[in-house]
Every structure is written in C-alpha cells, then in structure tokens.
1. Taking segment 73-134, which GluC sites (Glu not before Pro) meet the DSSP loop condition and have no more than 10 other C-beta atoms within 10 Å?
2. Run through every distinct alpha carbon pair of segment 90-171 and return the Kirkwood hydrodynamic radius in angstroms, one decimal place.
3. Using only DSSP helix segments of four residues or longer, with each worth -39500 (n - 2.57), what per-residue ellipticity at 222 nm results for the chain after dividing by its residue count and rounding to 500?
4. Counting only DSSP beta bridges with both residues in the chain, tell me the antiparallel percent, nearest 5.
5. Charges on Cβ only, +1 for Lys and Arg, -1 for Asp and Glu, centred on the Cα centroid of segment 105-161; of 126, 136, 114, which one is farthest towards the dipole's positive end?
6. If the limit is 25 Å between Cα atoms, which of 231/252; 106/252; 105/236; 151/231; 27/106 go over it?
7. Can you give me the three principal axis dimensions of the chain from its C-alpha atoms, in Å, biggest first?
8. Calculate the dipole size of the chain relative to its Cα centre from +1 charges on Lys and Arg beta carbons and -1 charges on Asp and Glu beta carbons; express the result in debye to the nearest 20.
Amino acid sequence: MSLLKELKKLGFKLGLCDDPRRQQFNKIPDGYFYRNVFSPWHGEGYGQFAQYLKIAQSASVVSSDRCYILYALALQASNIDGHWYECGVYKGGTASMLASLFTRKKGREGKNNNNALHLFDTFEGMPETHPEKDLHQQGDFSDTSLTSVEKQVDTFISDTSIREFHKGIIPQTFKGLENHQIAFAHIDVDIYQAIIDCCDFIYPRLQPGGILVFDDYGFGSCPGAREAVDKFFTDKREIPLVLPTGQAIVYKMCG
Ligand SMILES: C[S@@+](CC[C@H](N)C(=O)[O-])C[C@H]1O[C@@H](n2cnc3c(N)ncnc32)[C@H](O)[C@@H]1O
C-alpha cells in the first residue's frame, strides 16, 4: 500500500495493462477515442477530424482539444449564411484549418456568394497591451509575417478568393466591412482591448445561431481575455459557455 502511495507521489499511476473494462469499448463505434469518456480530439490518425488537426498543427499554438471544439463549431456554422472571421492568426495554424473547412462548405453549397474567411492580425506581434489587465507584452508572437502566413494558408486551399487577409491593428482593420453578416468568429487575440474591439464589431453582425469562440477565456496567462468577455456580455442575453479546454463559446440568440 505504501509503495503505491510513494509511486503516486512520484507521478506514477499503477493499472492493469489489459484492463478488461476497456473491452466494452470494442463494441461501440470509434472505440479508439475512449479514454474514460469519448474523446475525439485525440484525432491523430483516426476519424474525420484527423486531417484537419494535422493542418492546424502544422503552424498553431492551439492544442488538439481546442482545435476539435473549433472544428466542430465551424462545421455547425457551415449551415448558416455569412462570413467567417479569425482574429488572431499568428503563424496561421487554426486559420489553415478554417480555410480548409470553409472550402468544404463552399463546395457543398455550390452557390455563388461573396462570403469569405477573413483573417485579422498585425502579423508582426502583439500591439500595445494593457499594463494592469494583460500579462502579454507588446511584440509577443512577432516571429511571423503576412507573406509566410499567406503561403501557409494557401497550401491547404485551391481557391485563394475564399480568404482575405487584413493586416494591421484591430479595430482599424474592421473598417469597410460594416455591411458584413457573420456566421462564425474565432477570437484568439489574448488581450483585453482587442477582445472588446472584436466583440463590439462582430457581435452586432453575428447572424442568429452564429457562433463566437473565445480561445483564451480561461487561461491564467490571459486574464484580460476573461475580463473582456465577462464585461461585454454583462448586458447581453447570451451567457458565454465556459469549457474545460479554456475556451468560451457564445451562440447568438434569435431576435
Ligand atoms: C495566440 S496568437 C493566435 C494563435 C493562432 N490562432 C494559432 O493558430 O496559433 C494571438 C495573435 O493575436 C494578435 N493580436 C493581438 N491583438 C491584436 C490586435 N489588436 N490587432 C491585430 N492582431 C492582434 C497577435 O499579433 C497574435 O498573432
């Protein structure tokens, strides 16, 4: 008994290699994904998500469980008419996955509209951050460039007209897009003011049933992200749903 305790203290967990309980998972589809509970974000090499995870992981700091949430919600948003936004692109990992999913949506729709995936970033690193609200510093994430991200994203799509890059500081880069109707937005900018600015612009243009995904809501490294989301939604009808991944999601209510 004390040996087990000692092992536990050292971080080891003792279990049967051939736990007979695992056999129950052989009877249900996708048994591979059961790690106590169904966990399809372990997408490496299995299932539909695998190819999209591979695309995201080619250039992303976003973990596979968060990529899975993004993937599933983007699929859902594929049934809503409107533009897709990603604010906070960095090296283009999640943007590449979204570009690929957006291409699939366009292919399925088979109709002509001007909806596109819009990608917003300085592509030169964080702008000025809030000294009390944010832990990130100006210049974080500066090891990227617009040229390299264009190349990265375009590797995964055949029609480059489905994506539009908006280089510069949010909210200036929203200028001229006031007529947009938005179906889906991935907000991954990490800092207080940028999140407030994204919400101010995107939320009123979000279609009923449209989805917002806040990547950084629950991360201790991004305290300003949570403060901004909480502040913005205080007087809205929607309640951000906080996930164990650290993300928060909002579905726009009808009417
Ligand atoms: C965590 S990174 C994005 C990660 C990316 N989605 C991925 O797949 O790895 C955050 C990005 O937000 C950008 N950013 C933060 N505030 C911004 C602002 N006001 N305007 C434009 N870009 C901003 C930074 O330049 C940085 O590239």
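1. Counting only loop positions with at most 10 other Cβ atoms within 10 Å, the GluC sites (Glu not before Pro) in segment 73-134 are 132.
2. One over the average 1/r among Cα pairs gives 14.0 Å for segment 90-171.
3. Helices in the chain give a 222 nm mean residue ellipticity of -9500 deg cm²/dmol.
4. 30 percent
5. After comparing all options, I get 114.
6. Among 231/252; 106/252; 105/236; 151/231; 27/106, the Cα-Cα distance tops 25 Å for 105/236; 151/231; 27/106.
7. 67, 48, 41
8. Around 1080 debye, computed over the chain.
Readers should treat all values here as calculations from the given coordinates under stated rules, not as data from a laboratory. Nothing here was measured: the structure is a model prediction, and the numbers come from that model. Because the Cβ atoms are built from the backbone with ideal geometry, glycine has one as well, and the counts that use them run over all protein chains shown.
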